[in-house]
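Participant: Before we start, here is the structure in question, set down as structure tokens.
The values are calculated or read from the model by the stated rules, or taken from the named source; none is laboratory data. As the structure is a prediction and not an experimental result, all values here were calculated from the model. Neighbour counts run over all protein chains shown; Cβ positions are idealised from the backbone, glycine included. Only protein heavy atoms, including side chains, enter the accessible area calculation; ligands, DNA and RNA are left aside. Shrake-Rupley method; radii C 1.70, N 1.55, O 1.52, S 1.80 Å.
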Amino acid sequence: MKVPMKWIRDYAPCNVDAETFQRNMIMIGNGVEGYEELGAEVSKVVVGRVLTCDAHPDSDHLHVCTVDVGEEAPLQIVCGAPNVAAGQLVPVALVGAHLPGGIKIKKGKLRGVPSEGMICSGDEIGVPPELYPSVGSEGILVFHEDYPVGSDVKPILGLDETVMDFEVLANRPDCLSVWGIAREAAVACGTSFTKPEITVKESGGDIHDYVKVDVEDTELCPRYVARVIKDVRVGPSPLWLRQYLYGAGMRSINNVVDITNFIMLETGHPMHAFDLEMVEGHHIIVRKAREGEHITTLDGKPHPLSAGQLVICDASKPSCVAGIMGGEESEITEKTHTMMFECAVFDYAQTRLTSRALGIRTESSGRFEKGVSVRTAMEAMNRACQMIEQLDAGDVVSGVIDIYPNPAPVQVIEGSCEHIAKRAGVPITPEEIVESLERLHFDVKRDGDHLTVTVPDYRQDVTQEADLCEEALRVYGYDKVPSTLLRGETTPGGVSPNMKLRQTLSGLLTGKGFLEIMNYSFVSPKTVDALDLAADDPRRQLLAIRNPLGEDTSVMRTTLVPDMLTTLALNMTHGNPAARLFEISRVFDPAKKTEEGLPTETTHLVLGLYGEGEDFFSARAVAEMLFSAMGIEVHAERGNATYLHPGRTADLVSGDEVVAKVGEVHPRTRERFDMPAQAILVEMNVDQIMRLRRPMGEVKAMPRFPAVSRDLSLVMAESVEVGPLLEGMKKAAGNLLESAGMFDVYRSAVLGTGIKSVSFNFIFRAPDRTLTEAEINAAMDKVMTYAKEQHDAVIRS
């Protein structure tokens, strides 16, 4: 929040420089992001009076002026502004002056005529039209008031001001106001805070003859204060008000609107003004919006409203989005004759939800979202009416409408001086505690060690004894807290079993040449649709995000596959010839809830491979290596994943559980993800691996007797599944078989259509003897018999 120092000093005379003020404020717990000297780039610019203004002898648009700047003799200045004229009071940059943008004024000639300075426009000295009315860059700035020639223009235009930029935390909404900042400044600088005396001069009449107000939802609007101003006189605001608003980062519009903004900045209470002639039925209704209603806000943008959003309506339609922005139809204009001031309090959560839903963020909504005190609304309203009289902007109709059905109780906290000192960790005495709290405008009654503290209406953040300790300590001085060495015992850290498993898997994959990738946990639902999952597949039950950044990140992912395919496609299209990638991350299942009602999170692993030498078999080998390292025995069965090639996919099964899916990406899926080359995927459930893994058994001695290897090539129908065939042959070989595996698949015209040849390797070994040829042949006969009888697979001749 930006606040001019002059505005702060109106209520707390802090006669220190900006650097000291910033340090003092920080030391009592107020964040200060920095400060700005508004006129730091402007120097030697004074008030001058144009004595004569003649046409330039060698130009059709330049003027030769003589200007009195309070020196011994007038200056001759050549000026190109079309609105310059004799008799005007204008800002004059003298020779040697500095202007914004690093400009330095020098003596020179324009078309052969000497010029000893420059008559400035508002833009050239950093003064926008909303600060001081002018024609901007189209001509020079002309003063409308009378000022001594030669006087510095910076104090006149507010360019000698220092603007402090405060960082107001969410728990201190009272500091989103000049009064709140000034209270803190008074404590920081050791001075006192003086609030203006507020009086309202009423002009007669009865407010109920002008407007009727109904509040249908007092939970979302616990207080609504209204007053009516008649004979409204809309016009420009005085210079002092424009300067305050400009310093606070707001532009002046007219005196009435400026009053509402001034009150919001000064008291922290947002206000709104309605043109009563534009309020149908002169009836204000605070209610929830109905489906199908809409409103055009003050910025000219139409907004559809959703049922449940709080709005301020007239007899038939919404006129204002409560706490956020007013409607265009009832705004204050030069034609306004009778208006109503609104100073209300709206629910912070409702305001935040509506603001986000409509995409509107304003100074008003920001204050209501943090919380506005319900007990100080009337004070803010009366201050606004006082300013109406001060600026002669209208006449206040007698009476006030204050709908406040459930007055908020005064916050009283009981506490102990001993407890506060102990919690603070400093030797702060009861007298110092009382003094500190009273400086912050708490009403304190002390009876020995016992404190009874009445909290100011605007301090909604103070609710318990610990808060009193914080308040007392920050005034007492954080710098008085003694420095101490760290005490206590530390607990040695460790790695959880799940983390150890992740590290093991990552290490194994890295050793195989894989690189780890990481993606966001939220994806586009379109990428899940591209996998062609069945309608009843649980991965289609997506968890939507309430406030997504966009459609591409609108749901939590239920599978890691889309992100892996996207990453592989990105590598392919950027010319990377090969890649081995993996990702270990969580997926979300909204159909299965935890005890807290949250979606179940499961850790998954996905591998993605492409490039020369990468195929189904290389990917399967990596997967089997991982399971072998985990002590999990697996075998392959036919897979049916919709996004994998139907003839080049398999499920790896342990017992009766599918523990992995391996396969080449389906051509249709490749096309949807813009993948120009073939790729292979492997999917695993890491939590399932954690459950199934087996610790390493006892160490076995190196075999003393040699192994015997036999290769076998079998011819079979294309439809025969190699996995079940291999598992069956392993069982048929008996106990002498040490290991078996497939090492080649061969197809050719010689074999015929629909026929394939698969080659296997069998290794036999006995622990107590060297195997004989007869024993090996007997085992192989059983293998071939099984293959022939069960799968019609015969030896290739």
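Participant: Through the Karplus equation 6.51 cos²θ - 1.76 cosθ + 1.60, θ set to phi - 60°, convert the phi angles of the range 714-726 into ³J(HN,Hα) values in whole Hz; use x for Gly and Pro.
Facilitator: After applying 6.51 cos²θ - 1.76 cosθ + 1.60, I find 10, 9, 7, 5, 4, 6, 5, 7, 5, x, x, 4, 5 Hz.
Participant: Straight-line reach from residue 2: which lysines have a Cα under 29 Å away, not including same-chain ones fewer than 8 places off?
Facilitator: Reachable lysines: 44, 154, 195, 301, 370.
Participant: Check the straight Cα-Cα distances from residue 201 and name the lysines below 21 Å, setting aside those fewer than 8 residues away within the same chain.
Facilitator: Output for residue 201: 230.
Participant: DSSP loop (so not H, G, I, E, B), at most 10 other Cβ within 10 Å: list which GluC sites (Glu not before Pro) in the range 685-738 pass both filters.
Facilitator: Those satisfying the criteria are 698.
Participant: Compactness ratio of the chain: Cα Rg over 2.2 N^0.38 Å, N = residue count?
Facilitator: Relative to the 2.2 N^0.38 Å estimate, the chain comes out at 1.46.
Participant: What are the GluC sites (Glu not before Pro) within the range 312-387 that DSSP puts in a loop, where the Cβ has at most 16 other Cβ atoms within 10 Å?
Facilitator: Taking the range 312-387 and a limit of 16 other Cβ atoms within 10 Å, the loop GluC sites (Glu not before Pro) found are 328, 334.
Participant: Let me ask another. Provide the gained length on full extension for the span residue 576 to residue 797, in nm with one decimal, where the gain is 0.36 nm per separating residue minus the Cα-Cα distance.
Facilitator: Working it through step by step, the gained length comes to 75.2 nm.
Participant: Another question, if that's okay. List the trypsin sites (Lys or Arg not before Pro) in the range 328-397 that DSSP assigns to loop (not H, G, I, E or B) and whose Cβ has at most 12 other Cβ atoms within 10 Å. Which are they?
Facilitator: Within the range 328-397, the qualifying trypsin sites (Lys or Arg not before Pro) (loop, at most 12 other Cβ atoms within 10 Å) are 335.
Participant: Per DSSP helix of 4 or more residues, -39500 (n - 2.57); summed, then divided by the residues of the chain. What does that give at 222 nm, rounded to the nearest 500?
Facilitator: For the chain, the value works out to -8000 deg cm²/dmol.
Participant: For the range 642-797, with every protein chain kept in place, what is the accessible area per residue (1.4 Å probe, Å²)?
Facilitator: The answer is 56 Å² per residue.
Participant: State in Å² the accessible area per residue of the range 84-133; use a 1.4 Å probe, count heavy atoms of protein chains only, and round to the nearest integer.
Facilitator: 43
Participant: So how do 286-295, 764-773 stack up, highest first, on mean other-Cβ count within 10 Å?
Facilitator: 286-295, 764-773
Participant: Where the accessible area of the range 518-666 is counted over protein heavy atoms with a 1.4 Å probe, how much of it, in %, is carbon and sulfur?
Facilitator: Here it works out to 52 percent.
Participant: Something else about it: May I ask you to evaluate 6.51 cos²θ - 1.76 cosθ + 1.60, the Karplus curve with θ = phi - 60°, for each residue of the range 160-173 and list the ³J(HN,Hα) values in order in whole Hz, giving x for glycine and proline?
Facilitator: 9, 8, 9, 10, 8, 10, 9, 9, 9, 6, 5, 8, 10, x
Participant: Just to confirm, what accessible area per residue do you get for the range 532-612 at 1.4 Å probe, in whole Å²?
Facilitator: About 52 Å² of surface per residue is accessible.
Participant: With axes computed from alpha carbons, what is the tilt in degrees of helix 348-358 against the longest principal axis of the chain, rounded to the nearest 10 within 0 to 90?
Facilitator: So the inclination is approximately 70 degrees.
Participant: Let me ask something additional. Calculate the dipole size of the chain relative to its Cα centre from +1 charges on Lys and Arg beta carbons and -1 charges on Asp and Glu beta carbons; express the result in debye to the nearest 20.
Facilitator: The dipole magnitude comes to about 3200 debye.
Participant: If R0 is 35 Å, what FRET efficiency do you get for residue 747 and residue 503 from their C-beta distance, rounded to 0.05?
Facilitator: Taking R0 as 35 Å, the efficiency between residue 747 and residue 503 is 0.25.
Participant: To continue, here is another question. Could you tell me how many degrees, from 0 to 90 and to the nearest 10, lie between the Cα long axis of helix 497-511 and the main elongation axis, the longest principal axis, of the Cα atoms of the chain?
Facilitator: Computed tilt is about 70 degrees.
Participant: Label residue 705 and residue 9 with points 7 Å out from Cα along Cα→Cβ: what is the distance between them in nm?
Facilitator: In this crude spin-label approximation the distance works out to 10.4 nm.
Participant: Assuming a viscosity of 1.002 mPa s and a temperature of 20 °C, what translational diffusion coefficient in µm² per second does Stokes-Einstein assign to the range 635-774, Rh being the Kirkwood radius over Cα pairs?
Facilitator: Approximately 118 µm²/s, per Stokes-Einstein.
Participant: Given R₀ = 41 Å, FRET efficiency for residue 61-residue 240 by Cβ-Cβ distance, to 0.05?
Facilitator: 0.70
Participant: Let me ask you something else. Thinking of the range 119-241 as a set of Cα atoms, what percent of all their pairs are more than 16 Å apart?
Facilitator: Roughly 79 percent, rounded to a whole number.
Participant: With a Förster radius of 35 Å, plug the Cβ-Cβ distance of residue 489 and residue 429 into 1/(1 + (r/R0)^6) and report the FRET value to the nearest 0.05.
Facilitator: 0.60
Participant: Follow-up question, since we're still on this one. Run the reach check for residue 500 against lysines, Cα to Cα strictly under 22 Å, same-chain hits fewer than 8 apart removed. What comes back?
Facilitator: Cross-link targets: 512.
Participant: State the percentage of accessible surface on the range 241-345 attributable to carbon and sulfur atoms; use a 1.4 Å probe and exclude ligands, DNA and RNA.
Facilitator: Accessible surface attributable to carbon and sulfur in the range 241-345 totals 49 percent.
Participant: Could I ask something else about it? Using +1 at the Cβ of each Lys and Arg and -1 at the Cβ of each Asp and Glu in the range 646-721, identify which of 646, 662, 675 lies farthest towards the dipole's positive end.
Facilitator: Selected residue: 662.
Participant: Another question about this same structure. Let me check the size of the range 699-795 from its C-alpha atoms; what are the radius of gyration and Dmax in Å?
Facilitator: 14.7, 49
Participant: Leaving out ligands, DNA and RNA, and with a 1.4 Å probe, what % of the accessible surface on the range 686-726 is carbon or sulfur?
Facilitator: Carbon and sulfur atoms account for 58 percent of the accessible area of the range 686-726.
Participant: Would you work out if the range 491-630 is rounded, prolate or oblate? Take a ≥ b ≥ c from the square roots of the eigenvalues of the alpha-carbon gyration tensor; rounded if a/c is under 1.5, else prolate when a/b is larger than b/c, oblate otherwise.
Facilitator: In terms of gyration-tensor shape, oblate.
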